[in-house]
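Each value in this text was obtained by applying a stated rule to the coordinates, not by laboratory testing. Remember, predicted model here, so these are calculated numbers, not experimental data. Backbone-built Cβ (ideal geometry, glycine too); neighbour counts: all protein chains shown.
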Amino acid sequence: MAQVKICGLRQADHIAAAADAGARYVGLVFFPKSPRAVSAPEAAALAQHVPMGIARVGLFVDPDDSLLDRTLGQVPLDMIQLHGSESPDRVAAVKALTGLPVIKAVGVADPDDLPVLTNYGLVADMLLVDAKPPREAELPGGNGLSFDWRLLAGRRWLRPWMLAGGLTAQNVAEAIRLTGAPVVDVSSGVETEPGQKDENLIRAFVAAANR
Ligand SMILES: O=C(O)c1ccccc1NCC(=O)[C@H](O)[C@H](O)COP(=O)(O)O
């Protein structure tokens, strides 16, 4: 059994479905190139539909201070997810600037990608272990690709962590079993097409992760 984050939500009814199913985190994407991107006004409206006790996570890719300031001036977020090439120093700076807990995403394809998780564990509040995007990918995350979960077996870091990358209702139980992930994060796996979430897929995913 793992907690669930549903990322890239753009509709109030999908937020309601995620909350009703038992998700503990919802992600709002502030990356204009993404099919899941929301504007600050859209996100502010969506944030009102998130019940107490569910963390509103704002996803950014290499944001500058001004984007963070402007967004937080309009949108009540509980956590920041950094999904670009932010250094450990930048993670610490974002944490100081925003006063919010920071989740740092790290892409993994092979064992050489794992040591940086130790460095980020010194500064981030939570780690997100995701599939490394292929060179030709247009997005640094949310590509629906998974990696060899056996790489994570028995690994421990200084901070709580989430597993992401190509998870679906069909494979999430096996992913949790192999990795021991306490939290799982999904976007593509609960969509019918990029950016289009599906209530039944959201409910099936949360049920499978909680089983
Ligand atoms: O979802 C996006 O469009 C996106 C854009 C830029 C950076 C990250 C993005 N998504 C990250 C996530 O949704 C999740 O944290 C994770 O990568 C899982 O994605 P998926 O493999 O699609 O389930």
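Among 115-122, 157-164, how do they line up from the highest to the lowest mean number of other beta-carbon atoms within 10 Å?
Result, highest mean first: 157-164, 115-122.
Take the Cα coordinates of the chain, assign each an equal point scatterer, and use the Debye formula without solvent to give log10 I(q)/I(0) at q = 0.12, 0.16 Å⁻¹.
For the chain, the Cα-only Debye profile gives -0.55, -1.03.
Using 0.36 nm times the number of residues separating Asp89 and Arg155, minus their current alpha carbon distance, what extension gain do you get?
So the extension gain works out to 21.4 nm.
For Arg155, Arg24, which order do you get if you count the other beta carbons within 10 Å of each Cβ and list the fewest first?
Arg155, Arg24
Taking a cut-off of 20 Å between Cα atoms, list the lysines near Lys95, but don't count ones fewer than 8 places away on the same chain.
Lys104
Normalised by the residues of the chain, what does the relative contact order come to in percent, with Cα pairs under 8 Å and at least six apart?
Worked out over the chain, it gives 22 percent.
Need the full-extension length gain, Asn200 to Ala45, defined as separation in residues times 0.36 nm minus the C-alpha distance. One decimal, nm.
53.5 nm
Identify all aspartates and glutamates with a Cα-Cα distance to Lys197 below 18 Å; exclude those on the same chain that are fewer than 8 residues away in sequence.
The reachable aspartates and glutamates, counting only those whose Cα sits under 18 Å from Lys197, are Asp13, Asp20, Glu42, Asp185.
Determine, from the Cβ-Cβ distance of Asn171 and Asp62 and an R0 of 30 Å, the FRET efficiency 1/(1 + (r/R0)^6), rounded to the nearest 0.05.
0.50
With θ set to phi - 60° and the Karplus curve 6.51 cos²θ - 1.76 cosθ + 1.60, what are the ³J(HN,Hα) couplings of the range 122-127 in order, to the nearest whole Hz, using x for Gly and Pro?
Each residue's phi maps through the Karplus curve to give 7, 10, 7, 8, 8, 10 Hz.
What's the center-to-center distance, using Cα atoms, between the range 67-84 and the range 1-33 in Å?
Measuring centre to centre over Cα atoms gives 16 Å.
Just from its helices, what would the mean residue ellipticity at 222 nm be for the chain, if runs of 4 or more DSSP H residues each count -39500 (n - 2.57) and the sum is divided by every residue, rounded to the nearest 500 deg cm²/dmol?
That comes out to -9000 deg cm²/dmol.
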